[in-house]
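The values are calculated or read from the model by the stated rules, or taken from the named source; none is laboratory data. None of the values given here were measured: they were computed from a predicted structure. Here the Cβ is made from the backbone with ideal geometry for all residues, glycine too, and neighbour counts use every protein chain on show.
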Amino acid sequence: MTGLDVAVWPSGAGLDDDGALRLAGHGATDLAAEHDTPVFVLDEAMFHERARLFRDAFTAAFEAIGSGVDVYYAGKSFLSVAVARWAYADGLRVDTCTGGELAVALRAQVPGEAIGLHGNNKSDSEIARAIDARVGRIVLDSVAEVGRVAAAARAAGRGPHDRVGVMVRVTTGIHAGGHEFIATAHEDQKFGISVTGGQALAALREVLTHPELELLGAHSHIGSQIQDVAAFEANARVMLALRADLERATGVLMPELDLGGGYGIAYVPGEEAMDVPAFARSLAATVQRVCAELDTTVPRVSIEPGRAVVGPTTVTLYRVGVVKPVTLDDGSVRTYVAVDGGMSDNIRPALYGARYTARLANRAGSPETVRARVVGKHCESGDIVIDEVALPADVAPGDLLAVPATGAYGRSMASTYNHVPRPPVVAVAEGTSRVLVRRETEDDLLALDLG
Ligand SMILES: *Cc1c(COP(=O)(O)O)cnc(C)c1O
């Protein structure tokens, strides 16, 4: 096989003379020997690189229009104590959407003010915990939640001089993901409050009636794996109009708008990595232009990338077990390559038809290739890691297979289906490696079973 596609593989990845994969100076064979497989190998330097890229690019673009930016790392993409600490050290804040994610950020000693809490169905205890931790903002997802959070704030002794910062999640009718976006007037999904019929405006006004709440702004998140800046710009336009409407109706100018996450990455060769600085400049230019049209000031902006920060940093190493050629109805052969993980460590192909690529990691393999389908070890025929990929024709049991771009929504969505213990996450850097999350064991699983 040829060289590594830089858009898809981590920046610290390279090939030895014999074609074996190295990750930040560590041989894939050595990593597999030390940590066993499957294993998520995270390029630590690249995580910092990606985090700082978003911080610097968006800060520069929005400072140039007289505004500022907060970049929240969307913890749901992958959160561990070390990663939360890194994100904060790199100048990012941390976005959480459950009590569990909040607990990780707090364990990492991320200050409350640098944490946000989302969620469409927060429990009373999650709300109380967030208030107790003095999180920087709670993103309200329904009208009912306005009163609930206000009551929880009062119960915690918070009042007009010590308010709880909140945002209101708005659905703007802009939906995106993959490579296109659609704008619809009416929303049929669970998140947020629609801008249609004045609903979002009414919710914002409702917040203003509660003296223990501080209305920081409105929040939107339009989807995931979006490559099209036009979708973000269309969304920004709706959000800025909402802010101007509130100002006209009440005289209150919200200081901030959150334009969400969803920035796309390259998963397979041929897909391009997003040009983050160009994207940031384009979004800032739109915000500036629309504010001029609306005759209003430019707000502070926050964004919440998850996938685009951590996704490209990580490679999953699997061990090849069974290799099975299957003759199809048309006479062609598909080679099923079964690995020692699957849908329990990467549910995205089964969940959304997500595409990945792979290569042998322990050697180059033969120049001739076969049409392979990489499958897992679970008892589901839909347990497919890669629907179709060209692999060396001599791929054999015992080989190592590397799948790149698995940093986001891989380990974080992992399950223990079939009682397969979840893989570890190992951070590699030049000269060092350390386990961020250890491998789950059968004892861990059995510890939950009270017999
Ligand atoms: C999922 C999510 C994100 C992060 O999305 P990515 O596609 O990982 O960037 C950000 N904000 C909210 C509210 C989300 O639900």
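Selection of the stretch 297-336 for residues being more than 16 Å from the ligand (Cβ to nearest atom) and assigned to a helix (DSSP H, G or I) yields an empty set.
Quick one: count up the residues across the stretch 200-212 that are in contact (Cβ under 8 Å) with a residue 24 or more places away in the chain and either surrounded by fewer than 19 Cβ atoms within 10 Å (Cβ to Cβ) or not assigned by TED's automatic domain parsing to the domain that holds Y72 (or both). Steps first, please.
Step one: of the stretch 200-212, the residues in contact (Cβ under 8 Å) with a residue 24 or more places away in the chain are 200-208, 210-212.
Narrowing the set further to residues that are either surrounded by fewer than 19 Cβ atoms within 10 Å (Cβ to Cβ) or not assigned by TED's automatic domain parsing to the domain that holds Y72 (or both) leaves 202, 205-206, 208, 211.
Total satisfying the criteria: 5.
Only residues that are farther than 15 Å from R22 by Cα and either surrounded by 24 or more Cβ atoms within 10 Å (Cβ to Cβ) or within 16 Å of the ligand (Cβ to nearest atom) (or both) were counted across the stretch 426-443, and they come to 0. Is it the case that G341 is within 25 Å of P312 (Cβ to Cβ), out of contact with any helix residue (DSSP H, G or I) (no Cβ under 6 Å at 6 or more places or on another chain) and not β-branched (V, I, T)? So G341 passes the test. Filtered by the rule that a residue be among the β-branched types (V, I, T), assigned to a strand (DSSP E or B) and within 15 Å of the ligand (Cβ to nearest atom), the stretch 136-177 gives I138, V139, V166, V168, V170, T171, I174. Taking the stretch 265-279 as the range and being in a helix (DSSP H, G or I) and more than 16 Å from the ligand (Cβ to nearest atom) as the test, the residues that pass are P277, A278. Whether a residue is outside any loop (DSSP other than H, G, I, E, B), on the phi < 0 side of the Ramachandran plot and in contact with a strand residue (DSSP E or B) (Cβ under 9 Å, 6 or more places away or on another chain) was assessed, and D345 does not pass this test. Residues that are more than 22 Å from A241 (Cβ to Cβ), at pLDDT 95 or above and buried (at least 20 other Cβ atoms within 10 Å of the Cβ) do occur in the stretch 266-276, at least one of them. Scan the stretch 290-305 and give yes if some residue there is in contact with a helix residue (DSSP H, G or I) (Cβ under 9 Å, 6 or more places away or on another chain) and closer than 21 Å to V403 by Cβ, otherwise no. Checked against the condition, which is being in contact with a helix residue (DSSP H, G or I) (Cβ under 9 Å, 6 or more places away or on another chain) and closer than 21 Å to V403 by Cβ, the stretch 290-305 yields no hits at all. Step by step: first the residues of the stretch 213-243, then only those that are farther than 19 Å from G178 by Cβ, crowded, with 22+ Cβ neighbours inside 10 Å and of a type outside the set (A, V, I, L, M, F, W, C), then the one that is nearest to the ligand (Cβ to nearest atom). Which residue is that? My answer is H219.
Can you pull out the residues in the stretch 322-353 that are surrounded by 13 or more Cβ atoms within 10 Å (Cβ to Cβ), farther than 19 Å from V425 by Cβ and touching a residue at least 24 places away in the same chain (Cβ under 8 Å)? Step through it out loud before you land on a result.
Going through the stretch 322-353, the residues surrounded by 13 or more Cβ atoms within 10 Å (Cβ to Cβ) turn out to be 323, 334-350, 352.
Among the residues that remain, those that are also farther than 19 Å from V425 by Cβ are: 323, 334-338, 349-350, 352.
If the condition is that a residue be surrounded by 13 or more Cβ atoms within 10 Å (Cβ to Cβ), farther than 19 Å from V425 by Cβ and touching a residue at least 24 places away in the same chain (Cβ under 8 Å), then V323, R334, T335, Y336, V337, A338, P349, A350 are the ones that fit.
Of all residues in the stretch 96-125, which are among the charged types (D, E, K, R) and within 16 Å of the ligand (Cβ to nearest atom)? Scanning the stretch 96-125 gives E101, K122.
A search for C-beta distances below 6 Å between a residue of the stretch 252-264 that is assigned to a strand (DSSP E or B) and any residue that is near the ligand (Cβ under 8 Å from one of its atoms), counting only pairs 6+ apart in sequence or on different chains, returns D258/H219; Y263/P305; Y263/A308.
Run down L294, L259, L253, L246 and say which single residue is in the same structural domain as S77 (by TED's automatic domain parsing) and either under 19 Å from the mean Cα position of the chain (by Cα) or within 16 Å of the ligand (Cβ to nearest atom) (or both).
Numbers: L294 fails: either under 19 Å from the mean Cα position of the chain (by Cα) or within 16 Å of the ligand (Cβ to nearest atom) (or both); L253 fails: either under 19 Å from the mean Cα position of the chain (by Cα) or within 16 Å of the ligand (Cβ to nearest atom) (or both); L246 fails: either under 19 Å from the mean Cα position of the chain (by Cα) or within 16 Å of the ligand (Cβ to nearest atom) (or both).
Among L294, L259, L253, L246, only L259 is in the same structural domain as S77 (by TED's automatic domain parsing) and either under 19 Å from the mean Cα position of the chain (by Cα) or within 16 Å of the ligand (Cβ to nearest atom) (or both).
Are any of the residues in the stretch 401-420 in contact with a strand residue (DSSP E or B) (Cβ under 6 Å, 6 or more places away or on another chain), part of a loop (DSSP other than H, G, I, E, B) and away from the ligand (no atom under 16 Å from the Cβ)? No - not one qualifying residue is present in the stretch 401-420.
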